[in-house]
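K.L.:
Can you keep this structure in mind? I'll have questions shortly.
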Amino acid sequence: MKKITATVLGCGNRGQAYADYTFSHPEELEIVSVIDIDNHAMNFAKERYSVKQENVFKCLEDFLAKKIECDIVINATQDPTHYVTTMQLLNAGYNVLLEKPVTANPTELLDIERLAKEKGLKVIVCHVLRYAPVYKNVKKILNSGRIGEIISIEANEHVGLAHCIESFIRGPWKSEDECGSSFLLAKCCHDLDLLCWLNNGTKPKSVVSFGSRSNFVTKKRPSDATEFCYNCPHVTTCLYSAIKVHLEYQMFPFQTYAELVKKYDKIAEDISQEVKYEYLKTSEFGRCAYYDRNLIDRQSVNIEFENGSIVNFALIAGTPRADRYFHIVGTKGEIEGKFDDKKISIRHIDNSPNKYDMVEEIIDYDSQIIVNEKYGGHGGGDYAIMHDLVRYLNGEGETISLTNIEDSINGHFCVYAADESRKTGKVISFNEFMKEKS
Ligand SMILES: NC(=O)c1ccc[n+]([C@@H]2O[C@H](COP(=O)([O-])OP(=O)(O)OC[C@H]3O[C@@H](n4cnc5c(N)ncnc54)[C@H](O)[C@@H]3O)[C@@H](O)[C@H]2O)c1
């Protein structure tokens with residue numbers, strides 16, 4: 001197998017998650033070039049992947065001017081830059097591994113798909129959950145026909161409280177206006193992609209959705225609470241206390257303290273607690289969680305497919321346990337599981353003579369999950385997407401999980417249609433909606 005050469009565009013958290021595959025498999029992947037508008041991120045990636053100075057760039061235009069050769073560019077910039085940068089890369093003849101969500105704009109999504117097709121290039125979307133052993137095996141079981149035709153899928157994503165506060169109440173995705181993505185698009189374009197992929201013997205027909213921001217709102221704020229947590233009378237008892245969540249617990253310090261990381265040119269772990277405390281006195285990360293922002297904190301999505309099968313999905317922000325649940329009912333049986341349990345149950349009715357009993361098989365996928373210790377990895381999905389990608393680029397064909405852009409269209413459009421339904425109160429006809437946006 002030929003070693004795949006890659007460039008990382010956007011060397012933050014996700015860029016590293018994919019590029020770090022080179023540490024476990026240096027014979028399969030080499031990072032030959034890095035690009036980042038931020039000096040700290042650029043230099044960090046240069047050192048981390050031992051990239052030659054002449055292949056390190058501060059902007060995409062400089063990289064394109066140099067005509068660097070590589071098999072793929074990993075585009076892990078933030079949501080609003082995905083479209084422009086991917087179009088530039090495709091126009092210059094590069095294959096792209098593109099972070100999700102592709103874009104918040106349906107027309108842009110179709111533009112990327114069209115240009116990739118025109119140029120004969122690959123755009124692989126980072127729907128990493130499809131590659132995770134749990135979902136990959138669910139898909140294989142569905143394909144085998146063991147539970148018959150899908151009748152219904154119930155699923156949810158519960159976003160754990162600390163992650164929710166870190167990313168969606170105070171962090172980069174706290175406001176649709178700022179990050180360009182709705183909560184459903186930022187967090188659950190994975191889930192709606194999975195639902196369309198698992199049920200891809202048919203196509204979405206109608207979508208309806210409800211949702212609101214009802215918990216993290218000013219009217220729920222104690223009357224004596226202050227704007228910032230550090231001097232609030234509730235600082236030690238509040239469930240959302242910034243001092244508790246971001247200083248004592250520190251779930252994603254690289255994200256909370258990104259500004260300090262740039263300022264001091266140090267990784268977050270090497271910045272003192274005193275400096276972090278001072279930062280939280282004025283930063284958005286130190287602000288009361290009840291301060292109104294415009295992202296919703298719950299949403300339901302119902303999809304009816306052309307063959308009559310239905311999906312019932314819920315996104316809930318701020319739960320004690322973070323997890324994804326799914327229950328797929330088919331004409332011959334059912335599959336149920338929780339993503340983080342790494343186990344699924346397959347159930348049938350044993351209808352042999354003198355019997356009519358439920359039988360259950362439980363499959364544990366724990367041993368199949370490979371994670372790179374540096375970045376955790378979406379139930380093994382971050383590792384597995386890279387494993388499949390290097391083989392795909394070597395001409396070894398498509399795996400069951402492959403997330404080519406054309407296969408991401410329905411999932412993204414279900415998100416767009418759900419948000420349209422939530423805002424307008426209408427049931428959205430999938431085909432009409434797609435036609436309107438094309
Ligand atoms: N697949 C997943 O499960 C998953 C999980 C989390 C985040 N994401 C997505 O991954 C993307 C990146 O998120 P992140 O947490 O790594 O963000 P990040 O802020 O840590 O990294 C983004 C990097 O891109 C750089 N950058 C921004 N614009 C640039 C440009 N025009 N040219 C070059 N560099 C540029 C920034 O300086 C930064 O270093 C986002 O789109 C996010 O929604 C996906």
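K.L.:
Give the range 364-389 a look and list any residue that's modelled with pLDDT of 95 or more and more than 20 Å from the chain's Cα centre (by Cα), or say none.
P.N.:
The answer is none; no residue qualifies.
K.L.:
If residue 178 satisfies every condition in (1) in contact (Cβ under 8 Å) with a residue 40 or more places away in the chain; (2) assigned to a helix (DSSP H, G or I) but one, which is the exception?
P.N.:
(1)
K.L.:
Ok, one more. For residue 162, only one of the following conditions fails: (1) assigned to a helix (DSSP H, G or I); (2) within 30 Å of residue 399 (Cα to Cα). What is its number?
P.N.:
Looking at each condition in turn, residue 162 falls short on (2).
K.L.:
Tell me, yes or no, whether the range 259-274 has at least one residue that is closer than 23 Å to residue 226 by Cβ and within 16 Å of the ligand (Cβ to nearest atom).
P.N.:
yes
K.L.:
How about the range 1-61: which helices (runs of 4 or more DSSP H) wholly inside it have at least 1 residues that are surrounded by fewer than 21 Cβ atoms within 10 Å (Cβ to Cβ) and within 14 Å of the ligand (Cβ to nearest atom)?
P.N.:
In the range 1-61, the matching helices (runs of 4 or more DSSP H) lie at 13-19, 39-48.
K.L.:
Okay, next question. Scan the range 390-408 for residues that are within 18 Å of residue 135 (Cβ to Cβ) and either touching a Gly at 6+ places or on another chain (Cβ under 7 Å) or modelled with pLDDT under 90 (or both) and report the count.
P.N.:
Result for the range 390-408: 1.
K.L.:
Among the residues of the range 233-285, how many are surrounded by 16 or more Cβ atoms within 10 Å (Cβ to Cβ) and at positive phi?
P.N.:
1
K.L.:
Out of (1) in contact (Cβ under 8 Å) with a residue 60 or more places away in the chain; (2) surrounded by fewer than 20 Cβ atoms within 10 Å (Cβ to Cβ); (3) under 21 Å from the mean Cα position of the chain (by Cα), what's the single condition that is false for residue 417?
P.N.:
The single condition residue 417 does not satisfy is (2).
K.L.:
Here is a follow-up. Among residues belonging to the range 98-139 that are over 21 Å from residue 191 (Cβ atoms) and of a type in the set (Lys, Arg), point out the one that is farthest from the ligand (Cβ to nearest atom).
P.N.:
117
K.L.:
Still on this structure, I have one more. Failed condition for residue 168, given (1) part of a helix (DSSP H, G or I); (2) within 16 Å of the ligand (Cβ to nearest atom); (3) surrounded by fewer than 21 Cβ atoms within 10 Å (Cβ to Cβ), with all others met?
P.N.:
Unmet condition: (3).
K.L.:
Please go through the range 389-414 and give me each residue that is part of a helix (DSSP H, G or I), within 16 Å of the ligand (Cβ to nearest atom) and surrounded by fewer than 21 Cβ atoms within 10 Å (Cβ to Cβ), ordered by number.
P.N.:
407
K.L.:
Which of (1) within 10 Å of the ligand (Cβ to nearest atom); (2) more than 24 Å from the chain's Cα centre (by Cα) does residue 82 not meet, given it meets every other one?
P.N.:
Of the numbered conditions (1) within 10 Å of the ligand (Cβ to nearest atom); (2) more than 24 Å from the chain's Cα centre (by Cα), the odd one out for residue 82 is (2).
K.L.:
Okay, next question. Among residues belonging to the range 85-105 that are more than 16 Å from residue 404 (Cα to Cα) and under 18 Å from the mean Cα position of the chain (by Cα), point out the one that is surrounded by the fewest Cβ atoms within 10 Å (Cβ to Cβ).
P.N.:
Filtering the range 85-105 for residues that are more than 16 Å from residue 404 (Cα to Cα) and under 18 Å from the mean Cα position of the chain (by Cα), the one surrounded by the fewest Cβ atoms within 10 Å (Cβ to Cβ) comes out as 105.
The values are calculated or read from the model by the stated rules, or taken from the named source; none is laboratory data. On a predicted model such as this, the values are computed, not experimentally measured, just so you know. Methodologically, a virtual Cβ is constructed for each residue, glycine included, from the backbone with ideal geometry; neighbour enumeration extends over all protein chains shown.
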